[in-house]
Amino acid sequence: MSMRPSPDSERTRLDAFVVTADDAGFRDQRDLMERPFFSLSKSHRTRPITYKANDIEVQVLGMPEHGMATIWDADVLIWAASQIVDAENRGLRTSRFFRFTPYQLLTSIGRATGATEYRLLKNALMRLQSTVVATTIRHGVHWRRQQFSWINEWEELTTRSGRIEGMEFVLPEWFYRGVIDRSLVLTIDPAYFRLTGGIERWLYRIARKHAGRQRAGWLFEIPHLHAKSGSLARISDFALDLRRIALRQPLPGYRIRFEHESGRELLRVVPANLSTGPVDRHVNGVVRSGAQGIVTSGAALSGHQAQENQLNLWPEAQIRARNFESNRDSNFIVVGAGKTDADAKPASPSAPPSAAKPGETP
């Protein structure tokens, strides 16, 4: 049994990247880590995200039927980025066109593999495809605004009994370019997938992107963080959530605390006991996305039973070449009208804001 895309499908024009790695280290895309691209709530969100910082603009629209893609749905993109980087590290050609088994994806990000998880995965793919993103980040010389969805198209391979045996999806060029450019990806701690709160997950990605491994850490103003989160909560409620996180200290590899300076309330992020080097093992523990369901999975067996010995669903084939070339662009960001990243400054006063990137080899 094989998938046969329609003649107008992108998959007919792309070479398939068949996922085989079970132990790829986790990588995240820098632009997605520091700007508001996802809903931080598991509830159905259709209110748009609008973020503007000088020449950087981000607008995210969720369709009424499915709602906006959530930060838990973004696990699919983190997994895809990790597979791409791992394959290129091994000298393999990659593609925006993925072929994989749901079992591979779910176990990699630490989720269970039963019928419920398959249904949640399908719901996540629906939201990723229906969410529309418009941004000026990494625009071309003559083109300013790019618009895309997180997944261009996807399909599942099922038996007549409803058992899911494989999946395919196509990533947008904007995301793929941001992954094959190694300067635009960072390793992340596998414990990230065990964070259950949306703000916790978002705050870890902010910490990893800005504080990185810098001993002095990074400082943020609370209103600035609120704008970068895309949260619908009031700033006061948002700050209260941050204080609760500071009490629990759940972020893997980072510690946070509140400080006051010249009448401003600041959040300091400091690295501690980092484990964001190359990852050689699966995530321990099991989590669920928790996003509300839309359709049933139709899987007759558990995910483990349905996916056993399915790595040879598709014939082995060499991918001839990348679908397009890497595009190295600046990752510098401005964060407010007439302001630069000095509002999200490194904690060390000796480090100039313009030079205080996470600056780390992925």
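Of note:
- Condition check for R127: within 17 Å of F175 (Cα to Cα), in contact with a His (Cβ under 6 Å, 6 or more places away or on another chain) and open to solvent by less than 30 Å² (accessible area, probe 1.4 Å): yes
- Annotation note: of Y118, Y192, the sole residue that is closer than 22 Å to I84 by Cβ and surrounded by 23 or more Cβ atoms within 10 Å (Cβ to Cβ) is Y192.
- Residue pairs whose Cβ atoms lie under 6 Å apart, separated by 6 or more positions or on different chains, with the first residue in region 214-227 and closer than 13 Å to I199 by Cβ and the second open to solvent by 40 Å² or more (accessible area, probe 1.4 Å) and not aromatic (F, W, Y), are I222/E265; H226/I235.
- Residue within region 175-187 that is acidic (D, E) and assigned to a helix (DSSP H, G or I) present: no
- Residues located in region 196-240, provided they are part of a loop (DSSP other than H, G, I, E, B) and open to solvent by 10 Å² or more (accessible area, probe 1.4 Å): T196, G197, R213, Q214, R215, A216, G230, S231, L232, A233, R234
- Residue in region 47-63 that is nearest to P190 (Cα to Cα), counting only those that are assigned to a loop (DSSP other than H, G, I, E, B) and at pLDDT 95 or above: G62
- Taking the criterion of being farther than 29 Å from R47 by Cα and buried (at least 17 other Cβ atoms within 10 Å of the Cβ), the residues of region 251-264 that qualify are P252, G253, Y254, I256.
- T113 among the β-branched types (V, I, T) and assigned to a loop (DSSP other than H, G, I, E, B): yes
- Filtered by the rule that a residue be within 17 Å of the chain's Cα centre (by Cα) and open to solvent by less than 10 Å² (accessible area, probe 1.4 Å), region 39-61 gives S39, I49, V58, V60.
- Qualifying positions in region 97-107 - out of contact with any Asp or Glu (no Cβ under 6 Å at 6 or more places or on another chain) and open to solvent by less than 10 Å² (accessible area, probe 1.4 Å): F97, F98, F100, T101, P102, L105
The values are calculated or read from the model by the stated rules, or taken from the named source; none is laboratory data. Predicted model only: the values in this text are computed from it and were never measured. Counting neighbours? That spans all protein chains shown, and the Cβs are built from the backbone with ideal geometry, glycine included. In case anyone asks, the SASA skips ligands and DNA or RNA and just uses the protein heavy atoms, side chains included. Shrake-Rupley method; radii C 1.70, N 1.55, O 1.52, S 1.80 Å.
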